[in-house]
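Undergrad: Below are the structure tokens for one structure; questions will follow.
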Amino acid sequence: MADAVAETDLKQTPLHDLHVELGARMVPFAGYSMPVQYKAGIMAEHLHTRAKAGLFDVSHMGQAFLVGPDHETTARALEALTPSNFVELGHGRQRYSVLLNEEGGIIDDLMVSRSPSPEDDGKLMLVVNAARKDVDYAHFRAHLPDNVTLQVVEDRALIAVQGPEAVAAVAAHAPGVSDLAFMSTASMEFDGIECHVARAGYTGEDGVEMSVPAGAAEAIARALLADERVEPIGLGARDSLRLEAGLCLYGHDIDETTTPVEGAITFCMQKRRREEGGFPGAERIQSELKDGPGRVRVGLRLEGRAPAREGAEIALPDGPVIGTVTSGGFAPTVGAPIAMGYVPVEHAGVGTPLELVVRNRRLPATVADMPFVPNRYYRKPKS
């Protein structure tokens, strides 16, 4: 997980000193000094998040706004670069999407939200991956129309709180968070501090992500960590949690060579966009939607206890190599090793027996349903 970057060249998030105080092991990640784990260790952090609530510093992610004269203009500018429906994105709603190249490959995946306030119409908030934000921003600036601009946010932090008790812990300081539905956003105060809150996350659990003023991030984090339900969680457990949830990590499970159809994330493409096209790589993607892609991302369950890591070959039993593992490791909640990778569609059916080649040993595996652990996103009861 570490990059070959000199410690002095690394950027620091507003919570850096707090991580060090809490005994985190810091590593280079996407150009930042980030906590990979704390004293309890990755396994304990993972299980605590599944049982109660974990606090994640994700301030290295990129935050920006697309700003145009009105919502439709800004939304259509974004639709020209992505396969999602933003024109019909409701006030106070958030959507997962992907930025596409001309071949339909994924430049980055991102979250897009529309303010609940009509006064903000014409603005769409973006959260992009840390390692891709410079690439993303350059792409936007090169392809946006003259009447839509990119405004990069440099003075805010991003804190995620995830787990079955996450919302209750945050609601003790920002009561309005309890009223949010999954993938909804709102502006509210946390102990009197302005923040933008989205009910979403990267663990498969209920929870929120909060964009807060950089100077207030430590006070907010300390207030949450004073709650016995909340523990700090590092990059190690963040990775194992998202793997159990079957969620893609950019640069590993999806990249500029994979389409949303191959990546099995076609939920980011709403019906109108699938039918109309009008996005980069539309011809290829629409063809894959109709006839199927040549390969597809699948979940894999391994027999035994030995994990298969990224780069391991996927083979037919006693047969040739047909694919590659893109993410893998031991799943604490499952109590067994799991992985994701790409295989030809004809070998992608749930229950298909395969073998993963680890240190020249062939480990039996089976194509499995994802997520590996059921998602527990909050759904508002229908009235």
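The values are calculated or read from the model by the stated rules, or taken from the named source; none is laboratory data. Computed from a predicted model, the values in this text were never measured in an experiment. Cβ atoms come from the backbone with ideal geometry, glycine included; neighbour counts cover every protein chain shown. Each accessible area value is taken on the protein alone, full model and side chains, heavy atoms only, with ligands, DNA and RNA left out. Shrake-Rupley method; radii C 1.70, N 1.55, O 1.52, S 1.80 Å.
Undergrad: Anything in segment 142-160 that is closer than 30 Å to ASN375 by Cβ and buried (at least 17 other Cβ atoms within 10 Å of the Cβ)? List them, or say none.
TA: ARG156, ALA157, LEU158, ILE159, ALA160 - these are the residues of segment 142-160 that are closer than 30 Å to ASN375 by Cβ and buried (at least 17 other Cβ atoms within 10 Å of the Cβ).
Undergrad: Looking at segment 232-247, is at least one residue touching a Leu at 6+ places or on another chain (Cβ under 9 Å) and of a type in the set (Gly, Ala, Ser)?
TA: Taking every residue of segment 232-247 in turn, at least one turns out to be touching a Leu at 6+ places or on another chain (Cβ under 9 Å) and of a type in the set (Gly, Ala, Ser).
Undergrad: With the structure loaded, tell me whether GLY31 is surrounded by fewer than 21 Cβ atoms within 10 Å (Cβ to Cβ), over 24 Å from VAL197 (Cα atoms) and touching a helix residue (DSSP H, G or I) at 6+ places or on another chain (Cβ under 8 Å) or whether it fails that test.
TA: Taking the combined requirement at face value, the residue satisfies it.
Undergrad: Considering only segment 249-278, state which residues are of a type in the set (Asp, Glu) and surrounded by 21 or more Cβ atoms within 10 Å (Cβ to Cβ).
TA: Correct list: ASP253, GLU262.
Undergrad: Turning to a different aspect of this structure: Only one of ARG242, ARG199, ARG229 is out of contact with any strand residue (DSSP E or B) (no Cβ under 6 Å at 6 or more places or on another chain), at negative phi and either surrounded by 16 or more Cβ atoms within 10 Å (Cβ to Cβ) or not β-branched (Val, Ile, Thr) (or both). Can you tell me which?
TA: Answer to the check: ARG242.
Undergrad: Residues being open to solvent by less than 40 Å² (accessible area, probe 1.4 Å), within 13 Å of the chain's Cα centre (by Cα) and more than 13 Å from MET111 (Cβ to Cβ): count how many of those fall in segment 122-141.
TA: Number of matching residues: 1.
Undergrad: Of all residues in segment 47-70, which are within 30 Å of ALA217 (Cα to Cα), of a type outside the set (Val, Ile, Thr) and over 15 Å from the mean Cα position of the chain (by Cα)?
TA: Those that are within 30 Å of ALA217 (Cα to Cα), of a type outside the set (Val, Ile, Thr) and over 15 Å from the mean Cα position of the chain (by Cα): LEU47, HIS48, ARG50, ALA51, LYS52, ALA53, GLY54, LEU55, ALA64, PHE65, LEU66, GLY68.
Undergrad: Kindly evaluate GLU189 against the criterion of being assigned to a strand (DSSP E or B) and closer than 20 Å to SER97 by Cβ.
TA: No.
Undergrad: Kindly provide the set of residues from segment 334-383 that are open to solvent by less than 30 Å² (accessible area, probe 1.4 Å), within 27 Å of the chain's Cα centre (by Cα) and among the β-branched types (Val, Ile, Thr), ordered by number.
TA: ILE338, VAL343, VAL367, VAL373
Undergrad: Among the numbered criteria (1) of a type outside the set (Val, Ile, Thr); (2) surrounded by fewer than 21 Cβ atoms within 10 Å (Cβ to Cβ); (3) at positive phi, which one does GLY163 miss?
TA: Unmet condition: (2).
Undergrad: Could you list, in sequence order, the residues of segment 299-311 that are open to solvent by 10 Å² or more (accessible area, probe 1.4 Å) and either under 19 Å from ASP239 (Cα atoms) or touching a helix residue (DSSP H, G or I) at 6+ places or on another chain (Cβ under 8 Å) (or both)?
TA: ARG301, LEU302, ARG305, ALA306, PRO307, ARG309, GLU310, GLY311, listed by residue number.
Undergrad: Also, I was wondering about something else. Looking only at residues in segment 284-298 that are touching a residue at least 24 places away in the same chain (Cβ under 8 Å) and more than 19 Å from ASP369 (Cα to Cα), which one is most open to solvent (accessible area, probe 1.4 Å)?
TA: By that ranking, first place goes to ARG284.
Undergrad: Report, ordered by the first and then the second residue, all pairs with beta carbons closer than 9 Å, sequence separation of six or more or different chains, a first member in segment 235-247 that is farther than 15 Å from ALA200 by Cα and of a type in the set (S, T, N, Q), and a second member that is assigned to a helix (DSSP H, G or I) and open to solvent by 10 Å² or more (accessible area, probe 1.4 Å).
TA: That search, which allows pairs on different chains as well, returns SER240/ILE42; SER240/MET43.
Undergrad: Looking only at segment 108-118, which residues are touching a His at 6+ places or on another chain (Cβ under 7 Å) and either within 18 Å of PRO280 (Cβ to Cβ) or in a strand (DSSP E or B) (or both)?
TA: Within segment 108-118, ARG114 is the sole residue that qualifies.
Undergrad: Filter segment 7-28 for residues that are open to solvent by 50 Å² or more (accessible area, probe 1.4 Å) and either more than 23 Å from TYR250 (Cβ to Cβ) or part of a loop (DSSP other than H, G, I, E, B) (or both); which is modelled with the lowest pLDDT?
TA: Restricting to residues being open to solvent by 50 Å² or more (accessible area, probe 1.4 Å) and either more than 23 Å from TYR250 (Cβ to Cβ) or part of a loop (DSSP other than H, G, I, E, B) (or both), the top hit is GLU7.
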